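Q: Here it is, the structure in full.
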Amino acid sequence: MQPPSEAAPINPVIEIPFAPEFHIGPLTMRWYGLIIVSGIGVGWWIARRYARHAGITEDEVDQIAFVAIICGVIGTRVLHVAEEWGDNYSRDPWTAFQMWRGGGSVWGSIIGGMAGGVGMAVYYKLPKIPLLEVGSMGLIAGQMVGRMANVVNGEHTRSPSDLPWAFLYTNPNTANQVSFPAHPSPVYEMILNGLILLILIWLVKRWGGSGIVFAAYLFLYSAGRFGLTFLRVDDYYGGLSQAQWISVIAGVPALIALVLFAVGRLPLNVPPALPDAVRDRAG
């Protein structure tokens, strides 16, 4: 009979062996960029798919989407670099432009994308609230897919965990340089974003065009991101991270708007998206 082992039991973890890049012949491709582009495509498709529920056309979505996406890409990088300048970019400013290596701020993409979208809506004299609603649906869908880029890169996974679904990155080329199992916070956020998308789909089919979809997006994402950030190792300012402060600034007005919708101070009974009206506007 074998004596019992005195070694401590090893908690099961999920090992992540992915390299952040792969090769096609002489070309070196990075998963991060490919996944982000895929997220943009999915977000654009979602915005077009539910445009009519908000009372606008697919063509109107397309009119502003390109500029909104460009502004979102710029915003995600600018806010990230601003937060990480002293630690990662001040010694070699050129790396701030190397977006394919990863590094971005979701709130930066939201702020930039919304600003670009509203600006184009004003320019083309398009309905702003419906565009914000379908834009928020596209954003949350894109965020859901985009978080997979963080998973592959090993980003935001530094809070120790002994749970069976903890991630342990084993590839030396990943951005994650910790040697212990950690909470897969990007996966948590993917799940959060998927649930928010389902709620927004339910809302837009009932009260699209009223503004409640946009308010729900801002509040639900702000609340979820505020809590999940505690599982990340971020820099803190006055007890909160940059993302948490922005979550408070965006989430509180959104919550107030939702309360006003609930008590009837903001109208939910907006005119439905009539096919004839939509067709006329598209022409």
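Bear in mind these aren't lab numbers, they're just calculated from the coordinates by the rules spelled out. Just so we're clear, the structure is a prediction, and the values are computed from it rather than from any experiment. A quick note on method: Cβ atoms are made from the backbone with ideal geometry, for glycine too, and the neighbour counts reach across all protein chains shown.
Q: Could you tell me how many of the residues in region 174-212 are assigned to a helix (DSSP H, G or I) and not acidic (Asp, Glu)?
A: 23
Q: Checking the structure you have, find out if any residue of region 93-114 is under 17 Å from Ala51 (Cβ atoms), buried (at least 18 other Cβ atoms within 10 Å of the Cβ) and not charged (D, E, K, R).
A: yes
Q: A further question follows. In region 33-53, which residues are assigned to a helix (DSSP H, G or I) and either farther than 29 Å from Glu133 by Cβ or among the hydrophobic types (A, V, I, L, M, F, W, C) (or both)?
A: Once the filter is applied, which keeps residues that are assigned to a helix (DSSP H, G or I) and either farther than 29 Å from Glu133 by Cβ or among the hydrophobic types (A, V, I, L, M, F, W, C) (or both), region 33-53 yields Leu34, Ile35, Ile36, Val37, Ile40, Val42, Trp44, Trp45, Ile46, Ala47.
Q: Additional query: Pull out all pairs, ordered by first then second residue, where Cβ-Cβ is under 8 Å, the residues are six or more apart or on different chains, the first lies in region 241-256 and is without any contact (Cβ under 8 Å) to a residue 40 or more places away in the chain and more than 18 Å from Gly211 (Cα to Cα), and the second is outside any helix (DSSP H, G or I) and of a type outside the set (Val, Ile, Thr).
A: As it stands, the answer is Ser241/Arg232; Ser241/Asp234; Ser241/Asp235; Trp245/Tyr237; Trp245/Gly238; Val248/Leu240, since those pairs meet every condition given.
Q: OK, next. I'm checking my understanding of the structure. Among residues of region 153-173 that are under 21 Å from the mean Cα position of the chain (by Cα) and either part of a loop (DSSP other than H, G, I, E, B) or of a type in the set (S, T, N, Q) (or both), which one is nearest to Pro20 (Cα to Cα)?
A: Asn153
Q: Inside region 177-196, can you point out the residues that are closer than 21 Å to Ile36 by Cα and buried (at least 21 other Cβ atoms within 10 Å of the Cβ)?
A: Pro184, Ser185, Pro186, Glu189, Leu192, Asn193, Ile196
Q: Does region 12-32 hold any residues that are among the aliphatic types (A, V, I, L, M), within 16 Å of Asn173 (Cβ to Cβ) and assigned to a loop (DSSP other than H, G, I, E, B), and which are they?
A: Correct list: Ala19 only.
Q: Can I ask one more? Just for region 114-152: of the residues that are outside any helix (DSSP H, G or I) and not hydrophobic (A, V, I, L, M, F, W, C), which one is farthest from Gly211 (Cα to Cα)?
A: Lys125
Q: Residues of region 89-113 being part of a helix (DSSP H, G or I), closer than 18 Å to Thr174 by Cβ and in contact (Cβ under 8 Å) with a residue 12 or more places away in the chain, which ones?
A: Met99, Trp100, Arg101
Q: When Tyr217 is evaluated against the numbered criteria (1) assigned to a helix (DSSP H, G or I); (2) more than 30 Å from Val263 (Cβ to Cβ), which criterion, by number, is the only one it fails?
A: So Tyr217 meets the others, but not (2).
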